[in-house]
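Structure first, then comments.
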Amino acid sequence: MQSTKALTPFEEVNLFYDQAAERLKLSSGVWEMLRRPWRELRVQVPVRMDNGEMKVFTGYRVQHNAARGPYKGGVRYHPQADEEEVRALASLMTWKTALMGLPFGGAKGGVQCDPNQLSLGELNRITRRYTLSIEHLIGPNRDIPAPDLGTNAQTMGWMMDAYGQIHGYTPAIVTGKPVELHGSLGRDSATGRGVGYVLTEAAKDFGLEVRGARVVIQGFGNVGSWAARLLHEMGCRIIAIGDAKGAVYQPRGLDLQKLLRHHTSAGTVAGFPEGEAVTNEELLELDCDVLLPAAIDNVLTGRNASRLKTRLVLGGANHPTTPEADAILNDRRIPVLPDILVNAGGVTVSYFEWTQNLQEFRWDEDRVNAELKKTITSAYREVYQRAQQAGITYRQAAFEIGVQRVARAAELRGFI
Ligand code: NAD
């Protein structure tokens with residue numbers, strides 16, 4: 001495969017999209033309509049900092065496609081959150097919600113900032129200003145934001161409040177809220193739990209024993225830390241974990257309770273005394289059964305894919321695998337389960353949260369987890385079967401199912 005180094009994240013995602021569109025024989029007009037975002041907004045976010053100075057941040061909301069329902073997607077606070085990254089993530093949401101059969105389209109938002117360098121007050125003010133700048137495009141039946149990299153339940157509480165100051169009390173405007181503000185039980189752990197449900201199914205198909213499986217995880221935020229806890233409960237041996245500040249390796253299996261305590265006090269997994277310090281590059285190349293990149297984009301690339309020593313890759317982060325890496329891993333017969341399937345537990349429980357808010361009726365956590373299991377397990381089965389029947393990769397199968405559903409919805413609505 002040709003080097004894709006020069007491609008932007010959005011162009012990379014569109015390579016996957018184009019393959020699906022070609023196999024589905026979409027007409028050129030439909031192909032183009034589903035490829036590009038329907039609407040994009042770039043805004044200034046001027047904020048008074050704690051030291052009294054005014055700073056201007058840049059924010060985005062990209063609404064990729066709403067043929068199947070209101071736009072849905074997270075808001076990312078990260079220094080590299082630029083137009084092309086947000087576009088890529090918005091399009092991934094379109095294919096993900098369609099693959100999961102959720103009644104949503106796809107969107108994504110972002111503010112270019114480093115949340116680690118900002119106080120709570122500054123983050124609150126950025127969030128309010130950003131919400132006011134995109135308020136005319138969002139709504140519980142238009143576009144429903146959620147947390148992503150660098151944002152969390154508290155951010156969603158601020159967004160809900162800022163939106164409510166204009167439109168009145170509207171909990172269904174965002175998902176991933178604190179439970180006290182009518183967030184769903186089980187939303188916090190949902191993405192990690194979804195990873196566990198997918199692994200349970202995949203293990204049967206790929207001849208893996210979950211109990212004792214050696215797992216390496218990059219990222220110890222919402223997705224990585226919950227996945228670590230839940231996979232550990234399932235009997236996996238979590239042998240290494242990394243975050244932005246470093247990584248730790250313990251071939252006998254990390255003591256997660258102790259690691260969580262260390263992370264709470266140190267703010268990182270780095271420096272955990274009961275393991276060997278490794279770099280993030282070394283982490284990804286450790287000998288393991290399951291590799292779960294659950295931090296940032298583009299970590300499995302043409303440079304390291306030939307050196308991975310895993311039996312299965314689970315896409316926990318969004319777009320962790322470049323098309324070049326995908327092709328190399330496919331040649332090496334290392335199955336890669338795509339992010340639009342593996343990390344879809346978050347948006348699935350976001351859907352349950354939105355439903356509960358609209359019904360003004362709370363589900364108990366067992367119901368949330370049971371519905372999540374049903375939804376993600378059946379999506380996994382569809383992807384697996386399609387890949388086997390058509391002789392294509394799991395990513396190609398997942399994109400094909402998603403793209404086909406969006407194209408059909410567009411046709412039935414009379415766009416075509
Ligand atoms: P988070 O902000 O809670 O955690 C991110 C983790 O990644 C932290 O441990 C951080 O230290 C680590 N990290 C950041 N930069 C890194 C680097 N350069 N090298 C190594 N580690 C680094 O974010 P999250 O919500 O867990 O999201 C992680 C990924 O999963 C993102 O790609 C996000 O889009 C995706 N995702 C999240 C959800 C969700 O429900 N939160 C759902 C679907 C997909």
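The values are calculated or read from the model by the stated rules, or taken from the named source; none is laboratory data. Not measured: the values here are computed from a predicted model. Cβ: placed from backbone, ideal geometry, glycine included. Neighbour counts: every protein chain shown. These area figures cover heavy atoms from the full protein model, side chains too; ligands, DNA and RNA do not enter into them. Shrake-Rupley method; radii C 1.70, N 1.55, O 1.52, S 1.80 Å.
Annotation note: of E282, E209, the sole residue that is within 14 Å of the ligand (Cβ to nearest atom), open to solvent by 60 Å² or more (accessible area, probe 1.4 Å) and either of a type in the set (D, E, K, R) or assigned to a strand (DSSP E or B) (or both) is E282.
Per-residue answers, yes or no, for (1) outside the structural domain of E122 (by TED's automatic domain parsing); (2) out of contact with any helix residue (DSSP H, G or I) (no Cβ under 9 Å at 6 or more places or on another chain); (3) within 30 Å of E353 (Cα to Cα):
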{"residue": "M160", "(1), (2), (3)": "no, no, yes"}
{"residue": "I166", "(1), (2), (3)": "no, no, yes"}
{"residue": "G176", "(1), (2), (3)": "yes, no, yes"}
{"residue": "L181", "(1), (2), (3)": "yes, no, yes"}
{"residue": "G194", "(1), (2), (3)": "yes, no, yes"}
{"residue": "L230", "(1), (2), (3)": "yes, no, yes"}
{"residue": "M234", "(1), (2), (3)": "yes, no, yes"}
{"residue": "D243", "(1), (2), (3)": "yes, no, yes"}
{"residue": "H262", "(1), (2), (3)": "yes, yes, no"}
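If I filter region 234-257 for residues that are modelled with pLDDT of 95 or more, among the basic types (K, R) and assigned to a helix (DSSP H, G or I), do I get at least one hit? So far as region 234-257 goes, no, none of its residues is modelled with pLDDT of 95 or more, among the basic types (K, R) and assigned to a helix (DSSP H, G or I). Return a yes/no flag: does region 51-63 have any residue that is within 20 Å of V406 (Cα to Cα) and touching a residue at least 12 places away in the same chain (Cβ under 8 Å). Yes: region 51-63 contains one or more residues that are within 20 Å of V406 (Cα to Cα) and touching a residue at least 12 places away in the same chain (Cβ under 8 Å).
When T131 is tested against (1) away from the ligand (no atom under 14 Å from the Cβ); (2) of a type in the set (S, T, Y); (3) outside the structural domain of H64 (by TED's automatic domain parsing), only condition (3) is not met.
Determine whether L99 is in contact (Cβ under 8 Å) with a residue 60 or more places away in the chain and buried (at least 24 other Cβ atoms within 10 Å of the Cβ). Taking the combined requirement at face value, the residue satisfies it.
Please verify whether region 148-161 includes one or more residues that are modelled with pLDDT of 95 or more, away from the ligand (no atom under 16 Å from the Cβ) and in contact with a Gly (Cβ under 9 Å, 6 or more places away or on another chain). The answer is no, given that none of the residues of region 148-161 is modelled with pLDDT of 95 or more, away from the ligand (no atom under 16 Å from the Cβ) and in contact with a Gly (Cβ under 9 Å, 6 or more places away or on another chain).
Among the residues of region 345-359, write down those that are in contact (Cβ under 8 Å) with a residue 60 or more places away in the chain, out of contact with any Leu (no Cβ under 7 Å at 6 or more places or on another chain) and not charged (D, E, K, R).
G346, S350, F352, W354, Q356, N357, L358, listed by residue number.
Checked against (1) within 16 Å of the ligand (Cβ to nearest atom); (2) open to solvent by less than 10 Å² (accessible area, probe 1.4 Å), V383 passes all but condition (1).
If you go through region 213-225 and pick out every residue that is within 12 Å of the ligand (Cβ to nearest atom) and either crowded, with 24+ Cβ neighbours inside 10 Å or assigned to a loop (DSSP other than H, G, I, E, B) (or both), you end up with 7. Against the test of being within 18 Å of P147 (Cα to Cα) and at pLDDT 95 or above, the options E353, E360 yield a single qualifying residue, E353.
Condition check for L329 on (1) free of Cβ contacts under 8 Å to residues at least 60 places away in the same chain; (2) open to solvent by 10 Å² or more (accessible area, probe 1.4 Å): one failure, at (2).
In the set (1) farther than 22 Å from F352 by Cβ; (2) within 13 Å of the ligand (Cβ to nearest atom), the condition left unmet by Q112 is number (2). Name the residue that is farthest from G315 (Cα to Cα), counting only residues in region 360-374 that are open to solvent by 30 Å² or more (accessible area, probe 1.4 Å), part of a helix (DSSP H, G or I) and touching a residue at least 40 places away in the same chain (Cβ under 8 Å). For region 360-374, the residue satisfying everything is E365.
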